[in-house]
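Have a look at the structure below before the remarks.
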Amino acid sequence: MKFSVLERAFYARPTLEVAEDLLGCLLVRELPDGQQLAARIVDLEAYIGEEDSACHASKGRTPRTQVMYGPPGHAYVYLIYGLHHLLNLVTEEAGRPCGVMLRAVQPLHNEEAMRALRQVKGRNLCNGPGKLTAALAVNKDYNQWDMTLGEQLWVAPRSEPLQETIQRGPRIGIDYAEPEDREAPWRFWLAENPWRSLR
DNA sequence: CTCTCGATGTTCT
DNA sequence: GAACATCGAGAGG
């Protein structure tokens, strides 16, 4: 199976545009043993710059947020609650700290291998931001990874036009943010897709 | 089905 | 020392 690669120009656009266009695209993972896994992106959230109080970069440039200030098309992976890795894709031009966090994916290719990595039944496999990283063996070693290389971890364009309609609403789990940012409809998902995140 | 709670490590105060 | 872009187990309805 050969998957093509979204190039850097795709990510170097306004974050909300990138977020919408990423829905239905394929997150592709190549394991050390050569196995390829692929899953459709069905649920995600945008985090938009220092002025977005929900964005990690709202605290400014730190060792942790450094990668968001770098060029687009790189991965921002961090550990949350000491347990779960979350995967973001850096967007917009270098110097502007923005990104998209992946919340849920739908297994498309080699689901058995994902189940081997994460032993659960049903849609529990990857319908949450911490679940999908486990199912695809993504951890903080992939922080700053260049997603345009087309090796180990990358995103491929939609294999066919979107059938589902796109829905949007407020982001999840950001109670600490300012009300206007908490309410901003910067989460996008595919309507009625059973693989989307539960919350 | 719902709710509550504990786990665990990094970051920032 | 608190907070954290979460998850799963266990209790109860």
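Taking the Cα centre of the stretch A:1-149 as the origin and placing charges on Cβ (Lys, Arg +1; Asp, Glu -1), which of A:GLY122, A:GLY24, A:GLN106 is farthest toward the positive end of the dipole?
With unit charges placed on the Cβ atoms, the residue in question is A:GLY122.
Using Cα pairs under 8 angstrom and six or more residues apart, how large is the relative contact order of chain A, in percent? Walk me through the intermediate numbers first.
Values: 466 pairs, mean separation 55.8, N = 199.
Computed value for chain A: 28 percent relative contact order.
Where in the stretch A:14-51 is the amide nitrogen less than 14 Å from a point lying 7 Å along the Cα-to-Cβ axis of A:GLU178?
Within reach of a label on A:GLU178: A:48-51.
Give the residue from A:ASN143, A:ILE48, A:VAL90 lying farthest towards the positive end of the charge dipole for the stretch A:8-190; charges sit on Cβ (+1 for Lys and Arg, -1 for Asp and Glu) and the dipole is referred to the Cα centre.
Sorting the options by dipole projection puts first A:ASN143.
Compute the label zone of A:LYS2 within the stretch A:102-119: residues whose backbone N is under 20 Å from the point 7 Å along Cα-to-Cβ.
A:109-110
As a test of the definition: which semi-axes, in Å, follow for chain A when you take the square root of five times each eigenvalue of its alpha carbon gyration tensor? Largest first, please.
Calculated on Cα positions only, the semi-axes equal 24, 19, 17 Å.
Which residues does the label zone of A:GLN144 cover in the stretch A:35-60, counting backbone N under 19 Å from a point 7 Å along Cα→Cβ?
Answer for this model: A:56-57, A:60.
How big is the dipole moment of chain A about its Cα centre under a simple scheme where the beta carbon of each Lys and Arg is +1, that of each Asp and Glu is -1, and everything else is neutral? Debye, nearest 20, please.
For chain A, the charge dipole is close to 600 debye.
Taken together, the values in this text are just the output of simple stated rules run on the coordinates, not laboratory data. Computed from a predicted model, the values in this text were never measured in an experiment. Here the Cβ is made from the backbone with ideal geometry for all residues, glycine too, and neighbour counts use every protein chain on show.
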